[in-house]
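What follows is a single structure, written as structure tokens, with notes after it.
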Amino acid sequence: MRTKGRLVLSFAAAAALAAIGSHLIEGVPAAHRLTAQAVLVSAVAVCLVWWNVVAPLDQMAAWLKAVRLGAEGRPPAPDPAGLLGPLVHEVSRLGQSLSEAKAAAEAEARLRAAGASEWTPERLKAEVSRALGGRPLCVVANREPYMHVRRGGKIEVLTPASGLVTALEPVLTACGGTWVAHGGGDADRETADADGRLPVPPEAPRYMLRRVWLTAEQEEGYYYGFSNEGLWPLCHIVHTRPSFRPEDWAHYQAANAEFAKAVLAELDGVREPCVLVQDYHFALLPRLLKAARPDARVGVFWHIPWPNPEAFGICPWQRELLDGLLGADVLGFHVQAHCNNFLETVDGALESRVDWERFAVQRLGRATLVKPFPISVDAPPPPPAGAGSAREAVRLAAGVHAEFMAVGVDRVDYTKGLVERFRAVERFLERNPAYVGRFTLVQIAAPSRTHIKRYGDLNAELDAEAARINARFAAGGWSPLALRRRHHGRAEVLPFLRAADLCMVTSLHDGMNLVAKEYVASRSDDDGALILSRFTGAARELPEALLVNPYDVDQTADAIHYALEIPPLERARRMAAMRKTVREHNVYEWAGRFIAELARVRVREGGHARALV
Ligand code: G6P
């Protein structure tokens, strides 16, 4: 239509020119009139050709030259509405593909030259850019990576204690893109623009944070209620009863719709966009996104366990949740067992075909691939020089007057086995009195979801247990348990991980548990021992850890003893093996594999059927 319009316009202009010319020609002597008419016709023809053909071709040639010479981005193409519109359109797509292919080839060459076999931020950036053809990444997670809070009249930025944030922040920093999250800080609004957007990390921006605003009532129902009093205990099965209230469910649906609106606004103008939806807060989002943008590639990563079908089936809205998740093209869990549980749940609850060969669900003419992608961490910054003295400094600063220091780093959550951990320390001291006065567990405990009664009760229980055990053993300024209950940033936690003789991860159930991997990644000295619950995803990847059943207090107490008395060579062998695993399977590999899988999905623009390659 626009092409036609331009043509009509140019012919109208030519006709007007011809009319004016004819009028002028009338004044020319008859002998020269024929020549004058010929000149007029040629002038009009030249103008038409110049406007509709020569100028666009010139612009196109200049643009192709720019692409050939390696110009970045998308240079403005000549007007696609002109006579050459269709040709211009095709050539601009060709040029775009050329520049993408060139960028990918250069990145590959750089990687080959560096002999890179490990995943680094640079490699992830190159691979993602190639896989997505330069399209930006869009991540949706309830928790934001940077939260602005008001403290004592000043605005501070804090990084929330969340395994999800630990894992995804380095990925966004490496690849760029947008992170859509709930703006939950009390100074979040005034630090973002009118659309809730702000570039982050605040000190050196690399990607965009898009905050979504929820009312206190919505947050109560969607986040505290349905997500954390319903789905969280439902999926962890640690004998805390889930609550499913219809009013929370209504807020969960509304919040998912609210996030869908924000994400769709971010995807505006991007062809075949790629969205990575995170966690149990957004089970309905994949279906909502696909309905609005069938050309989008939608991946979901479920960061917590998926229980067996009987356990999941107690949720009154299990079919709606499953249907929402099956809107995704790829659904990832940490381990195969959670994928199997999910597929069995779908098999029993929905009309669908579960393909156990490919681990996919076929439903309503499309497929969702269900695969394990064990999440991980990035490498911490190198330790400061003089690490030996730093070790003593950390203990002294923490007020630890003991020869041996263990560390635990957790949100205060009933899934983390904190009470069991404290009781294991008590049992260890009972059984090994020689360690009384010589061993302290420093428990870094980030307050979490304190609004929920079960969490409040747990805080009280932890205080009481720590007080009871300390009262039983403490003497001369020493105590066995140092409970540091406040938010600690990563930079504050790292020295503890490096200085500890052992790290205790005793979750009663955990999708992965990244503290275990962070501890291992931080031990560049190949020293230190890891006590790890066998009910974490991490236990499957780190068999060299001292694996325990956290419900078995005696076994955990024995593991503490073994960790302290283990021959140094054996300790170093175990740590080196774990470090190798975490180094080779870091979070960049996780993101690279997940996004590559998603990029392989064929989507049909405007259509509904899509197939997995
Ligand atoms: C788990 C969840 C994350 C969550 C984190 C912290 O790791 O999988 O989605 O962000 O806990 O919990 P919070 O409720 O504070 O975000």
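Nothing in this text is a laboratory measurement; each read-out follows from the coordinates by a stated rule. Just so you know, these numbers come straight off a predicted model, no measurement behind them. Don't worry about glycine lacking a Cβ; one is built from the backbone with ideal geometry, like all the others, and counts go over all protein chains shown.
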Check: Hey, how many Å between the Cα centroid of the range 266-319 and the Cα centroid of the range 448-472?
Finding: 35
Check: Using alpha carbons only, how many degrees (0 to 90, rounded to 10) separate the axis of helix 568-584 from the longest principal axis of the chain?
Finding: 20
Checklist line | Where a label projected 7 Å from the Cα of residue 197 along Cα→Cβ would reach, residues of the range 211-231 with amide N under 20 Å | finding: 211-214
Next item on the list: For an R0 of 35 angstrom, estimate the FRET efficiency from the Cβ-Cβ distance between residue 583 and residue 250 and round to the nearest 0.05.
Entry: 0.15
Note to self: Greater than 27 Å separation of Cα atoms is the criterion. Which listed pairs, 290/371; 290/517; 416/517; 371/517; 261/453, meet it?
What the structure shows: 290/517; 261/453
Check: Measuring from label point to label point, each 7 Å out along Cα→Cβ, what is the residue 46 to residue 239 span in nm?
Finding: 9.4
Note to self: Relative contact order for the chain: what percent, with Cα pairs under 8 Å and sequence separation of 6 or more?
What the structure shows: 12
Next item on the list: Pairs of Cα atoms under 8 Å, at least six residues apart: use those to get the relative contact order of the range 210-300, whole percent.
Entry: 27
Margin query: Among 289-301, 190-202, 528-540, how do they line up by average Cβ neighbours within 10 Å per residue, starting with the highest?
Written below: 528-540, 289-301, 190-202
Notebook entry, point to check: How high is the FRET efficiency between residue 396 and residue 57 when r is their beta carbon distance and R₀ equals 51 Å, given to the nearest 0.05?
Noted result: 0.10
Checklist line | Under Karplus coefficients 6.51, -1.76 and 1.60, residue-wise ³J(HN,Hα) of the range 536-544 in Hz, glycine/proline x | finding: 10, x, 4, 4, 6, 9, 10, x, 7
Next item on the list: Return the whole-Å distance between the Cα centroid of the range 152-167 and the Cα centroid of the range 231-265.
Entry: 23
Checklist line | On Cα atoms only, tilt of 490-499 relative to the major axis of the chain in degrees | finding: 40
Checklist line | Using a Förster distance of 60 Å, the FRET efficiency for residue 12-residue 190 (Cβ separation, nearest 0.05) | finding: 0.65
Next item on the list: Return one number: the angle in degrees, 0 to 90 and rounded to the nearest 10, between the long axis of the Cα atoms of helix 30-49 and the longest principal axis of the Cα atoms of the chain.
Entry: 10
Notebook entry, point to check: In the calculated pair distance distribution of the chain, what percentage of Cα-Cα distances lie above 41 Å?
Noted result: 37
Check: Measuring from label point to label point, each 7 Å out along Cα→Cβ, what is the residue 436 to residue 270 span in nm?
Finding: 6.1
